[in-house]
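A.B. asks: Please read through the structure below; I'll follow up with questions.
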Amino acid sequence: MRVSKVRTMVGVAMLGAISFIVMFFEFPIILAFPFLKIDFSDVIVLLGTFIYGPIGGIGVAVIRSLLHFIMTGASLPSLVGDFAGTVSSISMTIVMCLANWLFILPMYIKLLNFNLGMSMTKYVFIGLVPFNLIKGALVTVVFAVLYLRILPWLKQHMKTAV
């Protein structure tokens, strides 16, 4: 049976809210760059993508980032961080490294007087590339375990949805 549009919108909104809550449980993974933190909110975004398709997954990511931006305040670091998180959810390592190199880092450096302590190229290759690869691997493993655990429930739930 087909899942109704209302049920889909409610599901996407709920997953966006859950992803927003999970976003607050973050920790650094590369000690030399303590501001690069991982959270597992992307696992919820992936779950939304598998259940509701790519548009649903993007909806979960956008809702998560909008809620985070609203709740943490309209500060420039939050805006940049939420923007970076949404882009990260959509594409991960390659796009994020290019975005950081060409847009996000120059904005941090210019607007916040952020000092990398090294060249931007070096920062991208020894900080961002490993961070995004580790984050991608961790998110993938956690998602795979979660997805396999809830797959029977999802199959049953999708059969009975109207």
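A.B. asks: Pairs needed: first member in segment 6-34, more than 14 Å from ARG64 (Cα to Cα); second member anywhere, small (Gly, Ala, Ser) and modelled with pLDDT under 90; C-beta distance under 8 Å; at least 6 residues apart or different chains.
C.D. replies: Every condition considered, the pairs that remain are ARG7/ALA161; THR8/GLY56; ILE30/GLY127; ALA32/GLY127; PHE33/GLY127.
A.B. asks: Taking the residues in segment 82-117 that are hydroxyl-bearing (Ser, Thr, Tyr) and modelled with pLDDT under 70 as candidates, determine which candidate is surrounded by the most Cβ atoms within 10 Å (Cβ to Cβ).
C.D. replies: SER89
A.B. asks: Of the residues LEU128, LEU133, only one is of a type outside the set (Ser, Thr, Tyr), closer than 17 Å to PRO28 by Cβ and surrounded by fewer than 16 Cβ atoms within 10 Å (Cβ to Cβ); which?
C.D. replies: LEU133 is the lone residue from the list that is of a type outside the set (Ser, Thr, Tyr), closer than 17 Å to PRO28 by Cβ and surrounded by fewer than 16 Cβ atoms within 10 Å (Cβ to Cβ).
A.B. asks: Moving on. Among the numbered criteria (1) under 18 Å from the mean Cα position of the chain (by Cα); (2) outside any helix (DSSP H, G or I), which one does LEU128 miss?
C.D. replies: (2)
A.B. asks: Going by what's in this entry, would GLY57 be described as surrounded by 14 or more Cβ atoms within 10 Å (Cβ to Cβ), assigned to a helix (DSSP H, G or I), of a type in the set (Gly, Ala, Ser) and modelled with pLDDT under 80?
C.D. replies: For GLY57, the condition - surrounded by 14 or more Cβ atoms within 10 Å (Cβ to Cβ), assigned to a helix (DSSP H, G or I), of a type in the set (Gly, Ala, Ser) and modelled with pLDDT under 80 - is not met.
A.B. asks: Can you tell me which of (1) surrounded by 12 or more Cβ atoms within 10 Å (Cβ to Cβ); (2) at pLDDT below 80 is the one ALA74 doesn't meet?
C.D. replies: In the conditions (1) surrounded by 12 or more Cβ atoms within 10 Å (Cβ to Cβ); (2) at pLDDT below 80, ALA74 misses (1) alone.
A.B. asks: Just checking, which of LEU111, LEU128 is without any contact (Cβ under 8 Å) to a residue 40 or more places away in the chain and in contact with a helix residue (DSSP H, G or I) (Cβ under 9 Å, 6 or more places away or on another chain)?
C.D. replies: Within the list LEU111, LEU128, the selection yields LEU111.
A.B. asks: Collect the residues in segment 1-25 that are exposed (fewer than 13 other Cβ atoms within 10 Å of the Cβ) and in contact with a strand residue (DSSP E or B) (Cβ under 8 Å, 6 or more places away or on another chain), keeping them in residue-number order.
C.D. replies: PHE24, PHE25
The values are calculated or read from the model by the stated rules, or taken from the named source; none is laboratory data. Quantities reported herein were computed from a predicted structural model and do not represent experimental measurements. Neighbour counts run over all protein chains shown; Cβ positions are idealised from the backbone, glycine included.
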